Structure formats: structure tokens, C-alpha cells
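All remarks here apply to the structure that follows.
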Amino acid sequence: MDHLQEIMAGATVIRLSVGPLSTNCYLVQSGRDLMLVDPGLVLNRELIEVVTLVEETKGKLRWIVCTHGHVDHVSGADAILRQFPDAVFAMDPREAAIARDPSASFAMQLRSPFVLQAVPSPLAAGQEIAIGTITYRVATIPGHTAASTVLIASDHAFVGDTLFAGSIGRTSDPVSCELLVAGIRSTLLSLPADTRLFPGHGIPTTVGQELATNPWF
Ligand SMILES: [Zn+2]
């Protein structure tokens, strides 16, 4: 599994590409605290890789957060939670409902047997997630899904499938598309230009780069 590491203010971000759709799963370390974002793991070797990475940090996995309920972002959540039962597994309840519905999560369409078993702690806009020395602000951007979650720190953000480098997340109708574009504008593109954005697929980008080059904005 290939992974890249970036040093941000107060945190190290490791990006792992997992599953058949090359989903970005992020392991974030601040001090001795760790957070895992979008555990879309499918294979046992992917699970072993994450467990090994966590063990190598000598830190403690505090949080497992899913940005939304699509199978490629959630499929490893139950297995990770079994390995780290003390971690808090959190996602928006509307997204957890998607992860329990094989049609809505696209598990059925992708011929995956996945149905979320764990009951996550509810995550809501305005909430804060603290690990080590940094705090993530939770915000919601509807459009790709009903309640896609983004996590915003001082110099970076995890944006799930809302925004990609040069593109935006898939939507099912024009109203959702308008909602998504408006939400990205107000919640993400209003951040400082050098804010690093870590999307659910593909390479990281920045607010300034998207304002300058993304055809949607
Ligand atoms: Zn998605």
C-alpha cells in the first residue's frame, strides 16, 4: 500500500490509498493521539498496515471518523474498531444510516457484502474533535450525500468527497449540485488560501489552487 506523509501545524498526516476505488484513508497524529479518517479498508493486508502504522507511532488511536456513509469510506470501520475498541467511532447519524443501507452506500452496486454493524457516536456541525495539540472543527456540506462531514484545523482540512483537486463530488441531481457548490464556497473556499485540503480520492490541494484552477469556482 502506498502512503504519503505531510507535516502540518501540530499534526502529521499519513495518506493511505485503500480499497478498489483508491479511497484516501488518513492517519493523523498529534502528540501521542491518533485519528483515523475514512477507514475504507477492504483487504486484510490493509487492516494489518493500518494496525502496524498505529503501533509504530507508539500513540493511541482516539478517534475513527467517517466523512460520509459511502461503502468505500466506511467498509473497514467495524474491523478497525475491533482492533482498537477504546477509540471513539464517530459519524453523522444521517451518514451512518446510509452505511447501513447497501443500496444507498453503493455496497450493492459494487458487489460488496458490507453493512455497517457498529453504532457510531453522533457527529454534528459545530462539534470539535481534539487530538494532541490540535482541534478540528466539524462542519457539514450537503450535496454529495445528505450530511457529508468535513474536519477543519488551522492549516488543513479533511473534505471527504465534497471537493477534489480540480473537481467536485458526484451529485445525483441539479439541486444537490447547487447545494454542494454553495457549501464548498462558504465552508472551504472561505478558509485561508494556503489551507491544505485532503480529499477522499486523489491528490491533496489547497484553497488557493482550487479558487485559481477548479472550473466549478
Ligand atoms: Zn462518496
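A few remarks follow.
- A residue that is more than 16 Å from the ligand (Cβ to nearest atom), in contact (Cβ under 8 Å) with a residue 40 or more places away in the chain, farther than 19 Å from SER186 by Cβ and not acidic (Asp, Glu) occurs nowhere in the range 150-160.
- Condition check for SER103: assigned to a loop (DSSP other than H, G, I, E, B) and touching a residue at least 60 places away in the same chain (Cβ under 8 Å): no
Table: residues versus (1) acidic (Asp, Glu); (2) touching a residue at least 24 places away in the same chain (Cβ under 8 Å).
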residue	(1), (2)
ILE7	no, no
ALA11	no, yes
LEU21	no, yes
SER30	no, yes
ASP33	yes, yes
ILE48	no, no
LEU53	no, yes
TRP63	no, yes
GLY69	no, yes
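- Number of positions in the range 19-44 that are polar (S, T, N, Q) and out of contact with any helix residue (DSSP H, G or I) (no Cβ under 7 Å at 6 or more places or on another chain): 4
- Number of residues in the range 67-100 that are surrounded by 22 or more Cβ atoms within 10 Å (Cβ to Cβ), in a helix (DSSP H, G or I) and among the acidic types (Asp, Glu): the value is 2.
- In the condition set (1) surrounded by fewer than 23 Cβ atoms within 10 Å (Cβ to Cβ); (2) touching a strand residue (DSSP E or B) at 6+ places or on another chain (Cβ under 8 Å), VAL18 is compliant with all but (1).
FYI, it's all coordinate maths here, none of it is from the lab. Treat the numbers as computed from the prediction; the structure is a model and nothing was measured. Positions of Cβ are backbone-derived with ideal geometry, glycine not excepted, and every protein chain shown enters the neighbour counts.
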